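The values are calculated or read from the model by the stated rules, or taken from the named source; none is laboratory data. From a predicted model like this one, the values you see are computed outputs, not experimental measurements. Note: ideal-geometry Cβ built from the backbone for every residue, glycine included; neighbour counts use all protein chains shown. When the accessible area is computed, the model is the full protein with side chains, heavy atoms only, and any ligands, DNA or RNA have been set aside. Shrake-Rupley method; radii C 1.70, N 1.55, O 1.52, S 1.80 Å.
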Amino acid sequence: MGSVDPIRTVEAVWRIESAKVIATVARMTGDLGLAEESAQDAFVLALESWPAEGVPANPGGWLTTTAKRKAIDQLRRQGVYEEKLRELALRPPPGPEPELLTLIFTACHPEVAVEGRLALTLRLLGGLTTAEIARAFLVPEPTVGQRVYRAKTALRKVPIELPPAEELPARLASVLEVIYLIFNEGYAATSGESWTRTDLCFEALRLARVLAALMPASSEAAGLQALLEIQSSRLAARVGPGGEPVLLADQDRSRWDRLLIRRGLEALARAESTGVLGPYGLQAAIAAVHARALTFADTDWARMADLYRLLAHVAPSPIVELNRAVAVGMAEGPEAGLAILDGLPLTGNPHLAAVRGDLLERAGRAEEARAAFREAAGLTRNAREKALYERRANPGSS
């Protein structure tokens, strides 16, 4: 039997435990920046000591204890330890909620710009480095560093605690939005050479699972988990052997992950049992229509169109209308879908042009369809998506 590699063990423990360590120290000190710095110091010390002394029996507990000591040492060096103790003594005692839930809500605080929330959430809750986040979003590393710095600066005066009950729905919406945006960037990358970035998808799915487990009474937390489980089930089938996009109608459904679909349907059932479905629950119900269809031809497009009408009522947006046009176009004919597209305020959106091209093609208006796909190819910043639209604009070329 091979020996355990201490370095790899430290890295694995960090991925699993870092969010809990940061959350615990942040709760103790009331300082998110200090908590992350102390956790990083503990991680470095583990890299130095575990190879020589062996991996402790409780590695997560070791990191937490060490990080706490590092934080206290830092406060003492700054000469503010006694002041911090008095400040914490005046605070109301913490509630029974897990520190991790508090950290999620803090990282996604509306005081922070959306880009900062995304970066900070991946940094604090995903254990990703600045370089890893930069690679995932295809932006320069200094840009991510600035976003994290500005986020931490904005949070300096924000209490590290769960929001009061009257603010909880709005604050939860911010948390859900961050996880959803992380997933979407992985599911259909807006730029770059790859059609999907599965690392982002599965990081968002992990966060959605954590949130749903921490908030079992929330229909929308369960709804988001359901949506991401079902969408993730199709990741392997969405790309061909050369990395090219594979459209839904052409996907090999035997490659859909049935375990993820089952987990998604179970989460959807929990969402339905805890209350009326909100935007994420309705999107999960739409995804479930696809998941339950054995073939593309078996899809219940009429039900999907009805669900999109509900979604448009609950959370109206041009993107919802764009997707509704697809469902209506399949259920009632392409001209009905085209009628919905008319007047949508999505100028410059490649997906609007692509949907129009698809509906025009199905309506037998081939020349107009090719023009729409050419427009879509000129608008997208994703290389794989551009190649797909160019092929559809020139169906005779290889």
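Ranking Ile179, Gln251, Ala377 by Cα position along the charge dipole of the chain, where only Lys, Arg, Asp and Glu carry charges on their C-beta atoms, puts Ile179 farthest toward the positive end. The modelled label-to-label distance between Asp5 and Glu53, using points 7 Å beyond Cα along the C-beta direction, is 2.3 nm. FRET efficiency for the pair Ser317 and Thr295, taken as 1/(1 + (r/R0)^6) with r the Cβ-Cβ distance and R0 = 25 Å, rounds to 0.25.
Derived scalar couplings between HN and Hα for the range 136-143 equal 5, 9, 6, 10, x, 4, x, 5 Hz in order, rounded to whole Hz, by the Karplus curve 6.51 cos²θ - 1.76 cosθ + 1.60 (θ = phi - 60°), x for Gly and Pro. Distances between placed amide hydrogens fall under 5 Å for Val239 paired with Val246, all partners being 5 or more residues away or on another chain.
In the full protein context, the chain carries 48 Å² of accessible surface per residue, based on a 1.4 Å probe and ignoring ligands, DNA and RNA.
With the highest mean first, a sort of the peptides 168-175, 313-320 on other beta-carbon atoms found within 10 angstrom per residue produces 168-175, 313-320. Karplus-based coupling profile of the range 278-284, in residue order and whole Hz: x, x, 6, x, 5, 5, 5, with θ = phi - 60° in 6.51 cos²θ - 1.76 cosθ + 1.60 and x standing for Gly or Pro. Between Gly192 and Ala383, the built amide H atoms are under 5 Å apart, and every one of these is 5 or more places off in sequence or on another chain. Checking the a/c ratio against 1.5 first, then a/b against b/c, what shape does the Cα gyration tensor give for the range 196-326? Cα axes put the range 196-326 in the oblate bin.
Keeping the other protein chains in place, figure out the carbon and sulfur percent of the accessible area of the chain, with a 1.4 Å probe.
Ligands and nucleic acids excluded, carbon and sulfur reach 55 percent.
How large is the helix-only mean residue ellipticity at 222 nm for the chain, computed as the sum of -39500 (n - 2.57) over DSSP H runs with n ≥ 4, divided by its residue count, in deg cm²/dmol to the nearest 500? Please report the intermediate quantities before stating the final value.
Details: 19 runs with 274 residues, N = 398.
-22500 deg cm²/dmol, from helical runs alone.
Computed packing ranks the peptides 51-59, 286-294 as 286-294, 51-59, most packed first, by mean other Cβ atoms within 10 Å. Between Val114, Leu47, Ala305, whose Cα lies farthest towards the positive end of the dipole of the chain when Lys and Arg beta carbons carry +1 and Asp and Glu beta carbons carry -1, centred on the Cα centre? Sorting the options by dipole projection puts first Leu47.
The overall shape of the range 99-215 is oblate: from the C-alpha gyration tensor, with semi-axes ordered a ≥ b ≥ c, the ratio a/c is 1.5 or greater and a/b is no larger than b/c.
How would you order 158-166, 146-154 from highest to lowest mean count of nearby Cβ atoms within 10 Å? Working shown, then result.
Numbers: 158-166: 13.6, 146-154: 18.3.
Listed from highest to lowest mean packing, they are 146-154, 158-166.
Nearest 20 debye, what's the magnitude of the dipole of the chain about its Cα centre given +1 on Lys and Arg Cβ and -1 on Asp and Glu Cβ? Spell out each step's value before the answer.
Details: 46 positive and 49 negative charges, 59 e Å.
Roughly 280 debye for the chain.
The alpha carbon gyration tensor of the range 264-398 gives principal lengths a ≥ b ≥ c with a/c of 1.5 or higher and a/b greater than b/c, which makes the shape prolate.
Placing +1 on the Cβ of each Lys and Arg and -1 on the Cβ of each Asp and Glu in the range 223-293, which of Gly223, Pro241, Pro279 has its Cα farthest towards the positive end of the resulting dipole? Checking the options against the dipole of the range 223-293, the answer is Gly223. Note that the range 318-328 has calculated 3J(HN,Hα) couplings of x, 5, 4, 5, 4, 5, 5, 4, 4, 5, 5 Hz, one per residue in order, obtained from phi through the Karplus relation 6.51 cos²θ - 1.76 cosθ + 1.60 (θ = phi - 60°); glycine and proline are x.
With R₀ set to 45 Å, the beta-carbon distance separating Glu367 from Ile16 gives a calculated FRET efficiency near 0.20. For the residues Glu367, Glu321, Glu272, a GNM of the chain with alpha-carbon springs under 10 Å puts the largest fluctuation on Glu367. The count of lysine pairs in the chain that are at least 8 places apart or cross chains, and whose C-alpha atoms lie under 23 Å apart, stands at 13.
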